[in-house]
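Just below is one structure, and these are the notes that go with it.
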Ligand code: NDP
């Protein structure tokens, strides 16, 4: 029996790596598109013990998505799961945002999922099954400072999720998984979580009294790809210890 295939963009680091590893534990073969960090890609493949294939594919680049997804379809056929996890921040006060800051974040966080879905979803529909999970952010709903590009991109992604849930129904389910503060190197650096006072201030603001782990997000993904969530589509699942409660 061949393993089902899952595609996890940005599946080589941080949250994405935890999602890739969880899917391998569930029996999937995982294709993990990444942008440039070859060492992280190598480590992800090693951690996956032959069940993760890192694929250099820039989701912000239309040609790269087209060619990479063609390769995925040719080699593995229609994936059963697509997780649009690759994301970027280029934070700056609004008036200082450059065109490049805006374009790169929108291209990665919003156009990327659009292009990945456009390239892969028709094959999923034709195969008669599939689940798409888009990794959102609570700042798509309630804004934060210095990230107008990021917040706008993630807000667009939440709405794209609903549009796709409508258009790909009844065959393919599409949901958004929204992490709160999740302990990844990128977040530790950006929020200075290595400084105990800064970490404690954030922990105090979270009802569950801790920062999320990548395993918390993987648990939610496991639910969203399982048959136990088969009646759920077009929804937003927030996993943040009660921090947001929108
Ligand atoms: P990381 O920065 O740790 O990892 C990002 C991953 O995405 C890397 O594998 C990176 O590849 C890949 N990536 C970035 N740009 C591209 C691109 N253009 N094409 C292909 N791959 C790309 O991020 P996190 O794990 O912290 O976050 C993962 C997702 O979760 C993001 O969408 C983020 O917005 C969202 N999120 C995270 C939160 C958190 O607290 N961590 C909170 C809310 C949302 P490479 O290594 O090659 O650059």
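As a summary of the residue check, residue 86 satisfies the conditions (1) touching a residue at least 12 places away in the same chain (Cβ under 8 Å); (2) more than 8 Å from the ligand (Cβ to nearest atom) except for the one numbered (2). Filtering segment 141-187 to residues that are within 9 Å of the ligand (Cβ to nearest atom), surrounded by 16 or more Cβ atoms within 10 Å (Cβ to Cβ) and part of a helix (DSSP H, G or I) leaves 150, 153, 154, 157, 187. Of the residues that make up segment 9-17, is at least one farther than 20 Å from residue 215 by Cβ and either within 16 Å of the ligand (Cβ to nearest atom) or not in a helix (DSSP H, G or I) (or both)? Checked segment 9-17: no residue is farther than 20 Å from residue 215 by Cβ and either within 16 Å of the ligand (Cβ to nearest atom) or not in a helix (DSSP H, G or I) (or both).
Of the residues making up segment 89-107, those that are in a helix (DSSP H, G or I), more than 10 Å from the ligand (Cβ to nearest atom) and more than 16 Å from the chain's Cα centre (by Cα) are 94, 95, 96, 99, 100, 101, 102, 103. Residue 124 meets the conditions (1) over 18 Å from residue 186 (Cβ atoms); (2) within 12 Å of the ligand (Cβ to nearest atom); (3) outside any strand (DSSP E or B) in every case but one. The failed one is (2). For residue 30, all conditions in the list (1) over 19 Å from residue 107 (Cβ atoms); (2) in contact with a strand residue (DSSP E or B) (Cβ under 7 Å, 6 or more places away or on another chain); (3) surrounded by fewer than 17 Cβ atoms within 10 Å (Cβ to Cβ) hold save one; what is the number of the exception? Unmet condition: (3). Of all residue pairs spaced 6 or more apart or on separate chains, those with beta-carbon atoms under 7 Å, a first member in segment 52-69 that is under 11 Å from residue 116 (Cα atoms) and a second member that is within 7 Å of the ligand (Cβ to nearest atom) and assigned to a helix (DSSP H, G or I) are 59/108; 59/112; 60/108; 60/112. Each residue in segment 57-78 was checked for being on the phi < 0 side of the Ramachandran plot, away from the ligand (no atom under 16 Å from the Cβ) and either outside any helix (DSSP H, G or I) or modelled with pLDDT under 95 (or both), and 1 pass.
As a summary of the residue check, residue 194 satisfies the conditions (1) within 16 Å of the ligand (Cβ to nearest atom); (2) in a loop (DSSP other than H, G, I, E, B); (3) at pLDDT 95 or above except for the one numbered (3). Taking the conditions (1) more than 13 Å from the ligand (Cβ to nearest atom); (2) under 24 Å from residue 190 (Cα atoms); (3) under 18 Å from the mean Cα position of the chain (by Cα) in turn, residue 110 satisfies each one other than (1).
The values are calculated or read from the model by the stated rules, or taken from the named source; none is laboratory data. All values reported here derive from a predicted model rather than from experimental measurement. For neighbour counting, all protein chains shown are included, and Cβ atoms are generated from backbone atoms with ideal geometry for every residue, glycine included.
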